[in-house]
Amino acid sequence: MKKIDTFSANVLIVDDQVLNVKLLEKILKQAGYQNVYSTTDSREAVPIYLKNDIDILLLDIRMPHMDGFDVMELLNETVPDDYLPILILTAELTSETRAKSLSTGAKDFLTKPFNQLEVLQRIHNILEVRLLHKELKNYNKTLESAVKKRTQELEKSRYEIIDRLGKAAEYKDNETGNHILRMSQYSRLLAKAAELPDEQCDLILLAAPMHDIGKIGIPDSVLLKPGKLDPDEWKIMQTHVEIGGELLSGNDEIPLMKMAKNIALTHHERWDGTGYPNGLAGEDIPLEGRICAISDVFDALTSERPYKDAWSAEKAMALIAEESGKHFDPNLASLFATIIDDVLAYKQLHQDSLEESSA
């Protein structure tokens with residue numbers, strides 16, 4: 001996989017305190033960042049953002065003229081379809097500030113006074129997501145003009161991008177590559193049992209690895225927290241489905257990308273309407289989302305992790321049966337029971353290293 005060049009990204013610092021701006025400029029330039037812009041006048045933020053194709057915005061909240069929330073709202077109006085790469089600078093990270101910032105477009109936070117290592121790591125994390133998004137967006141523009149002439153070549157390239165984004169999610173999350181592989185194959189088996197056309201089954205196989213792509217936009221402090229998440233952190237974690245939808249949006253004319261977006265957005269919806277992000281119920285949930293929900297949960301339950309033991313297949317199937325009509329589509333839950341032998345045979349061939357070492 002080609003390494004992403006974050007050091008040539010365009011960085012914008014917006015803070016009314018000159019000392020904060022100078023400090024961040026020094027940290028970034030010493031680290032090797034080549035294109036750093038700054039302003040102490042928040043009214044200049046959006047014009048600079050647009051003129052210089054900014055890849056990450058380091059934004060103070062408390063400023064005269066326009067505060068950070070005003071700047072984010074203006075950006076949302078000006079570039080409504082973009083993935084806003086905003087890192088909030090704040091001296092007081094209250095739950096109210098965190099919630100309002102996240103709902104307005106922020107992706108992460110930096111608390112003052114700044115820690116050099118933390119500054120560089122958080123900027124790097126956001127830039128990885130931003131630059132992948134830009135690459136995918138630019139790639140889709142190329143597809144529009146070339147698809148009729150180069151269908152086979154472009155199909156291959158689409159799959160490479162899907163694979164690349166899937167690997168990006170694996171690097172960020174605690175899940176393993178074999179989990180992605182297994183749940184994708186289970187989803188294809190379940191789609192086949194539901195008598196979907198072969199083309200749809202193959203699309204589900206290729207799109208399912210994208211189900212948790214949005215986790216690359218979740219702060220490490222939340223995603224990798226060893227203990228239980230508090231309510232505010234859980235709300236942040238839940239935004240991974242919407243982040244995934246954003247990363248995969250704007251490509252509905254491509255069946256694979258449309259399906260990947262639907263799976264990312266809806267694999268945490270529940271049949272009874274108590275899921276997230278939109279509380280969809282029953283057949284209002286796309287079929288591919290319902291299929292991946294069962295496959296994802298089954299593999300997660302039956303897989304060993306450093307923080308939990310693996311459930312037996314019987315115990316996991318008992319839970320799926322119990323949740324039939326509540327969490328899961330009852331028809332798909334019944335069909336999953338009919339393919340369990342194939343599922344377990346595939347699982348046996350693609351175990352995780354943790355499972356292999358304990359066997």
Test of the criteria: in the stretch 297-346, which chymotrypsin sites (Phe, Trp or Tyr not before Pro) are in a DSSP loop and have at most 10 other Cβ atoms within 10 angstrom of their Cβ? Y307
Helical contribution to [θ] at 222 nm, DSSP H n ≥ 4, -39,500 (n - 2.57), averaged over the chain, rounded to 500: -17500 deg cm²/dmol
Kirkwood Rh over Cα pairs of the stretch 288-334 into Stokes-Einstein at 20 °C, 1.002 mPa s: D in µm²/s? 197 µm²/s
Between the helical axis of 255-266 and the dominant principal axis of the chain, each derived from Cα atoms, what acute angle in degrees is found, rounded to the nearest 10? 90 degrees
Once Q238 and A313 are pulled to full extension, the length gained, defined as 0.36 nm per residue separation minus their Cα-Cα distance, is 24.3 nm
What is the calculated FRET efficiency for E283 to T78, with r their C-beta to C-beta distance and R₀ = 30 Å, to the nearest 0.05? 0.20
Cβ-derived FRET efficiency at R0 30 Å, K134 paired with E92, nearest 0.05: 0.40
Name the residues whose placed amide hydrogens come within less than 5 Å of the amide hydrogen of L89, ignoring near sequence neighbours (fewer than 5 apart) on the same chain. L59, D60, I61, L110
Among DSSP beta bridges lying fully in the chain, give the percent that are antiparallel, nearest 5. 5 percent
What number do you get for the stretch 172-358 when its Cα radius of gyration is normalised by 2.2 N^0.38 Å, N = residues? 0.98
Efficiency of FRET between H124 and D342 - r from beta-carbon atoms, R0 41 angstrom, step 0.05: 0.50
Loop only by DSSP, 12 or fewer other Cβ within 10 Å of the Cβ. Give me the GluC sites (Glu not before Pro) in the stretch 188-278 that pass, ordered by residue number. E195, E253
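FYI, it's all coordinate maths here, none of it is from the lab. Predicted, not measured: the structure shown is a model, and the values here were computed from it. Cβ atoms come from the backbone with ideal geometry, glycine included; neighbour counts cover every protein chain shown.
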